[in-house]
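The values are calculated or read from the model by the stated rules, or taken from the named source; none is laboratory data. Being a predicted model, the structure only gives us computed values, none of them experimental. When we count neighbours, we look across all protein chains shown, and the Cβ atoms used for this are built from the backbone with ideal geometry, even at glycine. Side chains included, ligands, DNA and RNA excluded: accessible areas come from the protein's heavy atoms. Shrake-Rupley method; radii C 1.70, N 1.55, O 1.52, S 1.80 Å.
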Amino acid sequence: MTSPDGLHRCAIDHLVVMADSLDAGTDWCRSTLGVAPAMGGEHPLMGTHNRLLQLSGPAHPRAYLEVIASNPGAKNTLAAGARRWFDMDDESLQAMVRSQGPQLIHWVASVPDLAAARSALAGCGLDRGEIVQASRPTPLGLLQWQITLRPDGQRLLDGCLPTLIQWGDRHPCYSLPASGVTLRSLQLEHPQSALLARACTAADLQQRAAIAFAAEPRILATLETPRGIVQLASPAAGAAD
């Protein structure tokens with residue numbers, strides 16, 4: 001299955017919001033964005049589950065927001081010593097989410113050739129991780145993708161460097177209902193902005209997000225919502241202390 005925007009371009013795929021539970025994440029969506037996320041599914045490989053919110057619009061025609069949380073009913077299927085994606089096993093990050101509520105922590109970029117994009121980042125001295133096959137069941141069938149994962153689960157550059165994903169024949173946005181929320185822009189701020197910009201250029205992502213120098217790293221997403229313009233910002237370093 002293809003779409004006019006295609007699976008064959010580099011693009012912002014989704015924003016990652018970590019929650020202590022999916023109920024907490026759903027409440028956060030309602031109070032912050034004015035809408036509830038749609039049902040997502042379970043990730044057996046990682047012991048996580050999610051809910052999704054359509055963000056597609058003129059600026060980013062195939063994008064969504066993922067509210068993700070640990071699945072308390074899941075069995076641990078990770079290899080010994082491996083950690084879950086997006087730094088979700090980081091104790092300080094867990095404590096911050098538990099005390100301050102759901103947080104924007106990362107973004108994921110879709111690419112048409114995952115191996116080539118991963119190699120491009122490696123050429124910048126950034127090890128984005130191994131290419132892993134992943135999937136989750138949905139009412140419409142199995143959703144399949146390839147994703148870059150590090151055994152240590154690290155996001156890199158404080159979450160500003162995206163995880164890379166390559167979808168199979170179907171993308172979650174094709175079946176997500178309209179939400180009234182659209183992604184207008186994504187800005188990445190980092191003290192190593194030159195390295196971040198070089199990496200995004202190498203992976204052909206330089207036109208997807210604005211990159212600026214800042215003393216403290218930050219991901220800033222601007223959304224148009226039923227409540228007006230809302231800006232989501234990732235937490236400052238040391239915010240959990």
What number of residues within region 198-241 satisfy the criterion of being under 25 Å from Leu93 (Cβ atoms) and outside any loop (DSSP other than H, G, I, E, B)? 16
Which one is least open to solvent (accessible area, probe 1.4 Å), of the residues in region 202-222 that are at pLDDT below 95 and polar (S, T, N, Q)? Gln206
If you take the residues of region 62-80 that are outside any strand (DSSP E or B) and surrounded by 21 or more Cβ atoms within 10 Å (Cβ to Cβ), which of them is modelled with the lowest pLDDT? Arg62
Looking at the structure I just gave you, is Val17 open to solvent by less than 20 Å² (accessible area, probe 1.4 Å), in contact with a helix residue (DSSP H, G or I) (Cβ under 9 Å, 6 or more places away or on another chain) and either aliphatic (A, V, I, L, M) or not in a strand (DSSP E or B) (or both)? yes
What tally of residues in region 160-197 results from selecting those that are open to solvent by 10 Å² or more (accessible area, probe 1.4 Å), at pLDDT 95 or above and in a helix (DSSP H, G or I)? 4
Members of region 90-128 that are touching a strand residue (DSSP E or B) at 6+ places or on another chain (Cβ under 9 Å) and either open to solvent by 20 Å² or more (accessible area, probe 1.4 Å) or not hydrophobic (A, V, I, L, M, F, W, C) (or both): Gln94, Pro102, Gln103, His106, Ser110, Pro112, Asp113, Ala115, Arg118, Arg128
Do the conditions hold for Thr148, that is, is it among the polar types (S, T, N, Q), touching a residue at least 40 places away in the same chain (Cβ under 8 Å) and in contact with a helix residue (DSSP H, G or I) (Cβ under 9 Å, 6 or more places away or on another chain)? no
Among the numbered criteria (1) part of a strand (DSSP E or B); (2) open to solvent by 10 Å² or more (accessible area, probe 1.4 Å); (3) not hydroxyl-bearing (Ser, Thr, Tyr), which one does Leu45 miss? (1)
Condition check for Arg136: out of contact with any helix residue (DSSP H, G or I) (no Cβ under 7 Å at 6 or more places or on another chain) and among the charged types (D, E, K, R): yes
